[in-house]
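Q: The structure's right below; bear with me while I get my questions together.
The values are calculated or read from the model by the stated rules, or taken from the named source; none is laboratory data. Note that the coordinates shown come from a computational prediction; the quantities given were computed from them, not determined experimentally. Heads up, the Cβs are rebuilt from the backbone with ideal geometry, glycines too, and the neighbour counts pull from every protein chain shown.
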Amino acid sequence: MKRKLRMGMIGGGQGAFIGAIHRSAALMDGQIELIAGALSHDPQIAVESGHDLYLEEERIYRDYETMLNREAALPVDRRIDFVSIVTPNYVHFDPAMMALDKGFHVVIEKPMTFSLDEAYQLKQKLDATGLSLMLTHTYSGYPMVKQAKQMVKSGSLGKIRKVYVEYPQGWLSRLSELEGNAQAAWRTDPSRSGKSGCMGDIGTHAAHLAEYITGAKITHLCADLNIMVQGRLLDDDGNVLLRFDNGATGVLMASQVAAGEENPLKIRIYGEDGGLEWAQQEPNTLIYKLLDQPIQLLRAGGGYLSSYAKHNFRTPGGHPEGYIEAFANLYRNFALTLQSKLEGQTPSAESLDFPGVEDGIRGMNFIDKVVASAQSDMKWTTF
């Protein structure tokens, strides 16, 4: 008999940005319930956050080690099934490894780890345990992104030739990390964020989206990274030329100093016969451009869309679905996959369509190679 999956959360308490997004998304479809949490590295905030969420007193933990140890000691019908790790980058690897050691599946924020070496270790642990990991590359959860992927796969554009993907933001146009902005403080700190700022934070999203939709892998890149705000320690702007394993070329731009911009992630893909265009700030629309034909607007909710798109929208056409719903699609697919496995069944292809550990390794490799390329005098760096 199916049941709700029991989730424990690490991080995401009072003052956190992404934790509330994860909780809203995880609970949206009634497949998951939050029953335990170690919601902050500050014990007092962890306890207060647990009370805010009405968790049972004995399931409010002051640190993730205690949570994972005590949950593992509970009977199978009471313990958590998986953890959602929504901490800064430097606190991804250790709780993920410990969770897997204790037999819990893992959902984790991107970038997956602090370093590429940690990413490979995490994959080895997953292979050894047979457990599942989902990486929350949110934008792959949008129905019209999934439609674009299926159209490329079916040959609707012909052989892919060109990819343009851009992610401009403006929120770091000033030295916000020294002005009390906690989100800016850890993202621009090499000891907490890693070797890249902008490219690690949003450039990885752009690179993943390009590979996800096209089904092609980046093989070479040529990167230019910049620190535009004086006094900042990590890149806040960058441009990358791309080569893919199918012969296509591409351009990736990511910037957090594009003053006035919000989150206008956008991708354009062109093949021999036509192109596709999708923008995150108009997510229900996919623009389809065929050579010598009128432009077509494909809309979420349409009966003509692929099974992958239909599997991931909830409302009739014309009712906006956005960022939290895209997050929720990832959680629902992850939950449906785990439930199928618990029942000894094979998950559907649509349910299995969520980012995993291989995407996490690709993301960490992207960060490494972008930084190496930016520091090199050579034009191309092998991915």
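Q: Restricting region 312-356 to residues that are assigned to a loop (DSSP other than H, G, I, E, B), buried (at least 22 other Cβ atoms within 10 Å of the Cβ) and of a type in the set (A, V, I, L, M, F, W, C), which is modelled with the lowest pLDDT? Outline the logic, then answer.
A: First pass over region 312-356, keeping only residues assigned to a loop (DSSP other than H, G, I, E, B): 312-322, 343-356.
Okay, now just the ones that are also buried (at least 22 other Cβ atoms within 10 Å of the Cβ), so 312-313, 354-355.
So of that shortlist, the ones also of a type in the set (A, V, I, L, M, F, W, C) come out as 313, 354.
Values: F313: 92, F354: 98.
So, considering only residues that are assigned to a loop (DSSP other than H, G, I, E, B), buried (at least 22 other Cβ atoms within 10 Å of the Cβ) and of a type in the set (A, V, I, L, M, F, W, C), the one modelled with the lowest pLDDT is F313.
Per-residue answers, yes or no, for (1) part of a strand (DSSP E or B); (2) among the hydroxyl-bearing types (S, T, Y):
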| site | (1), (2) |
| --- | --- |
| D235 | no, no |
| E261 | no, no |
| Y270 | yes, yes |
| Y304 | no, yes |
| Y308 | no, yes |
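Q: In this structure, is V370 at pLDDT 95 or above, over 18 Å from the mean Cα position of the chain (by Cα) and buried (at least 21 other Cβ atoms within 10 Å of the Cβ)? Step through it out loud before you land on a result.
A: Working: at pLDDT 95 or above: yes; over 18 Å from the mean Cα position of the chain (by Cα): yes; buried (at least 21 other Cβ atoms within 10 Å of the Cβ): yes.
Against the criterion (at pLDDT 95 or above, over 18 Å from the mean Cα position of the chain (by Cα) and buried (at least 21 other Cβ atoms within 10 Å of the Cβ)), V370 qualifies.
Q: Then there is this: Within region 67-116, can you find the residues that are of a type outside the set (V, I, T), outside any loop (DSSP other than H, G, I, E, B) and within 18 Å of I361 (Cα to Cα)? Show your work before the answer.
A: If we filter region 67-116 for residues that are of a type outside the set (V, I, T), which is where we start, we get 67-75, 77-79, 81-82, 84, 88-90, 92-105, 109-112, 114-116.
Okay, now just the ones that are also outside any loop (DSSP other than H, G, I, E, B), so 67-73, 82, 84, 89-90, 93-101, 105, 116.
N89, Y90, F93, D94, P95, A96, M97, L100, H105, L116 - these are the residues of region 67-116 that are of a type outside the set (V, I, T), outside any loop (DSSP other than H, G, I, E, B) and within 18 Å of I361 (Cα to Cα).
Q: I've got another one for you. Can you go through K289, K310 and tell me which one is farther than 17 Å from R161 by Cα and of a type in the set (K, R)? Quick ask: steps written out before the conclusion?
A: Numbers: K289 fails: farther than 17 Å from R161 by Cα.
Only one candidate passes the filter, namely K310.
Q: Could you please let me know if A128 is in contact with a helix residue (DSSP H, G or I) (Cβ under 8 Å, 6 or more places away or on another chain) and either in a helix (DSSP H, G or I) or over 24 Å from K369 (Cα atoms) (or both)?
A: Values: in contact with a helix residue (DSSP H, G or I) (Cβ under 8 Å, 6 or more places away or on another chain): no; either in a helix (DSSP H, G or I) or over 24 Å from K369 (Cα atoms) (or both): yes.
So A128 does not fit the description; no.
Q: Still on this structure, please answer the following. Go through T219, T204 for me and flag whichever is β-branched (V, I, T), assigned to a helix (DSSP H, G or I) and touching a residue at least 60 places away in the same chain (Cβ under 8 Å).
A: Working: T219 fails: assigned to a helix (DSSP H, G or I).
Result: T204 is the single residue among T219, T204 that is β-branched (V, I, T), assigned to a helix (DSSP H, G or I) and touching a residue at least 60 places away in the same chain (Cβ under 8 Å).
Q: Same structure again: Looking at region 139-155, which of the residues that are out of contact with any helix residue (DSSP H, G or I) (no Cβ under 7 Å at 6 or more places or on another chain) and in a helix (DSSP H, G or I) is surrounded by the most Cβ atoms within 10 Å (Cβ to Cβ)?
A: So the residue we want is M151.
Q: Give me the residue from region 89-103 that is touching a Ser or Thr at 6+ places or on another chain (Cβ under 9 Å) and closer than 16 Å to G11 by Cα and, out of that set, surrounded by the fewest Cβ atoms within 10 Å (Cβ to Cβ). Please lay out each step first, then the result.
A: Here is the first cut: in region 89-103, the ones touching a Ser or Thr at 6+ places or on another chain (Cβ under 9 Å) are 89-90, 92-93, 95-96, 100-101, 103.
Checking the rest, the ones that are also closer than 16 Å to G11 by Cα come to 89-90, 92-93, 95-96.
Numbers: N89: 21, Y90: 18, H92: 26, F93: 20, P95: 22, A96: 28.
Ranking the qualifying residues of region 89-103, first place goes to Y90.
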